[in-house]
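Working notes, beginning with the structure itself.
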Amino acid sequence: MRVFGRFLKCAAVASASLIGSSALASANEVVCRLPRGGTHITFANEDTREAMAWGPGGFAIAPDGTYWIADTAARRLLHYGRDCQQLGVIEPKDVVGITALAVSKDSLYVLDVSAAEPTVLHLGLSGVEHGRHVVDRRVTGVALGERGNLLVESDYGARFEQLLDRDGRVARAAVAGLSREGVSYQASPADLSQNEAHTGTLTVGGRTVSVSVPNDLGGLRVLSVGSDGGFFAKLDEVALVSDFRVDQTVRRYDREGRLLGMARVPLAERYTYVQANVATAPDGDAFILHTTREGAEIQRLVFRQTLPSILPVVRERPVPERLEAHPLACRGAEDMALAGNHFADFVRGYSATNISGSCDGRTKPTFLVNANTAYRGVAYDWGGFDTVASYDSALYANKTAGDIHTAAVESCSVGVDCSGYVSHAWGTPGKHGTSTLPNISWVLPNRSSLAKGDILNCADSHVVMFDYYTSNGIFMWEATLSNNFDRAVHINREWAYFSACYVPRRYNSKC
């Protein structure tokens, strides 16, 4: 663990800036502009074909009103004051991909979702480590309970479990949701397995509040509960236009469940996806971390009584003419799933040569930390098209595992990239890229047509394979560099991850 302290403040004066209340972006108030590079915001895989750009993974506000950011690509935590000046940088030891964090008056709790086993780290505010706790692979975030206990959330806020008590001791216990003075606050998203999925519910004690959107309600969660019992909820409205579009809004309610105002998160203007992008402050305001090519902005959400709709209402699109079927025998969904799991669940130990051996032009996958340790998932190799068997054999022959350098394909590394993974799952005779997968697939007419083995494809960037719907997103297979996964995984993603570019497609030769 490395810590850089307040000496950063002077260097940050010329780069991080405090913005006055008149500076607006997307109708919200920009309070800080944070630069990129150096000790500030980090991005990866920018302007690269067949790879998706990504950057910070999480954002939180401390009880003293200061800002904490998970600078995931650099595997560190950034701390900024309310005046936007940098207060410090913490580099926890052996972290892989931090995507969520919670801050108390004396502790940091961070979720390393990309570790060999997802782990919650308990740190002091200076970075001293107090403990590590392995959690389930469905865990997507962390939150502080009313008593200062630590909760972990699954499926983006659909379920909560207590992990630590207020004294930091392990005390796992089921909880109904966030609570305040004995009243529980819960969200029940729409059932996306149904054709019509417009409505969900918020439950406050014994009161139920119906929440509806014109298109599909892809996500609904309670973000936080204030000292007065008022609360914030986040909604994701999903529409399949030419590709998937998501309108993310935050709603503010009083303790009785009466709507006080709505604000919009400008997903269409973001540079990269931020998983934990909304945080609430002690004074009752809500803020977002919004990425730009220049770095990131901290925006205060501006709430209004009404918000104009920005998505067209889409009920059904005409079914396009299917392309000529692939000449090979058809491929069933269960065979696709079996192949997906074969890559994601593959477990083996890695030698020092496999991890750090000589391979000109290669960059080591981040998750491979220690030799002679078992890791799950075939390593990401840009341009790679190995089978699980050829990958395993090559590692026995002292090849290097994976290559996250996206400038060239290296013959000395082995693994699979996102489109290579899908090509194997679909059983194609050769490797397809995200720009050629459309040549062997057809566009689905609506969101509800998605079924196991279908893909969400962003041409020239990234592709994932659908498994099933979850409460606030989808479970899927992907070989990805984002969040430093750097391997094939079977994980849950929320709908905001897919906003713009992603098109649902089905293999021409799917049975």
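Data for the structure
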read-out: Residue match in the range 355-362 (condition: in contact (Cβ under 8 Å) with a residue 24 or more places away in the chain, basic (K, R), in contact with a helix residue (DSSP H, G or I) (Cβ under 9 Å, 6 or more places away or on another chain) and in the same structural domain as I455 (by TED's automatic domain parsing)); value: no
read-out: For E153: the one exception among (1) over 22 Å from G218 (Cα atoms); (2) under 18 Å from the mean Cα position of the chain (by Cα); (3) assigned to a strand (DSSP E or B); value: (1)
read-out: Residue in the range 90-98 that is surrounded by fewer than 22 Cβ atoms within 10 Å (Cβ to Cβ) and part of a strand (DSSP E or B) present; value: yes
read-out: Test result for T208, touching a strand residue (DSSP E or B) at 6+ places or on another chain (Cβ under 7 Å), over 22 Å from A286 (Cα atoms) and at pLDDT 95 or above; value: yes
read-out: Residue in the range 213-252 that is surrounded by the most Cβ atoms within 10 Å (Cβ to Cβ), counting only those that are part of a loop (DSSP other than H, G, I, E, B) and of a type in the set (S, T, N, Q); value: N215
read-out: Count of residues meeting criterion [within 14 Å of the chain's Cα centre (by Cα) and not β-branched (V, I, T)] in the range 487-511; value: 9
read-out: Of residues in the range 459-485 being in a loop (DSSP other than H, G, I, E, B) and touching a residue at least 60 places away in the same chain (Cβ under 8 Å), the one surrounded by the fewest Cβ atoms within 10 Å (Cβ to Cβ); value: D460
read-out: Some residue of the range 437-445 being touching a Phe, Trp or Tyr at 6+ places or on another chain (Cβ under 8 Å), aliphatic (A, V, I, L, M), part of a helix (DSSP H, G or I) and surrounded by fewer than 20 Cβ atoms within 10 Å (Cβ to Cβ); value: yes
read-out: Number of positions in the range 111-132 that are buried (at least 18 other Cβ atoms within 10 Å of the Cβ) and either part of a strand (DSSP E or B) or of a type outside the set (A, V, I, L, M) (or both); value: 10
read-out: Residue that is more than 16 Å from the chain's Cα centre (by Cα), free of Cβ contacts under 8 Å to residues at least 40 places away in the same chain and either under 27 Å from R362 (Cα atoms) or not in a strand (DSSP E or B) (or both), where the choices are H405, H432; value: H432
read-out: Any chance A488 is buried (at least 23 other Cβ atoms within 10 Å of the Cβ), in a strand (DSSP E or B) and either touching an Asp or Glu at 6+ places or on another chain (Cβ under 7 Å) or of a type in the set (A, V, I, L, M) (or both); value: yes
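Every residue, every condition in (1) more than 23 Å from R447 (Cβ to Cβ); (2) buried (at least 18 other Cβ atoms within 10 Å of the Cβ); (3) in the same structural domain as Y185 (by TED's automatic domain parsing), yes or no:
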{"position": "E256", "(1), (2), (3)": "yes, no, yes"}
{"position": "L260", "(1), (2), (3)": "yes, no, yes"}
{"position": "P266", "(1), (2), (3)": "no, no, yes"}
{"position": "Y271", "(1), (2), (3)": "yes, yes, yes"}
{"position": "V278", "(1), (2), (3)": "yes, yes, yes"}
{"position": "D283", "(1), (2), (3)": "yes, no, yes"}
{"position": "G295", "(1), (2), (3)": "yes, yes, yes"}
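The values are calculated or read from the model by the stated rules, or taken from the named source; none is laboratory data. Only a predicted model underlies this, so the values are computations on that prediction, with no experimental measurement involved. Note that we place each Cβ from the backbone using ideal geometry, even for glycine, and neighbour counts take in every protein chain shown.
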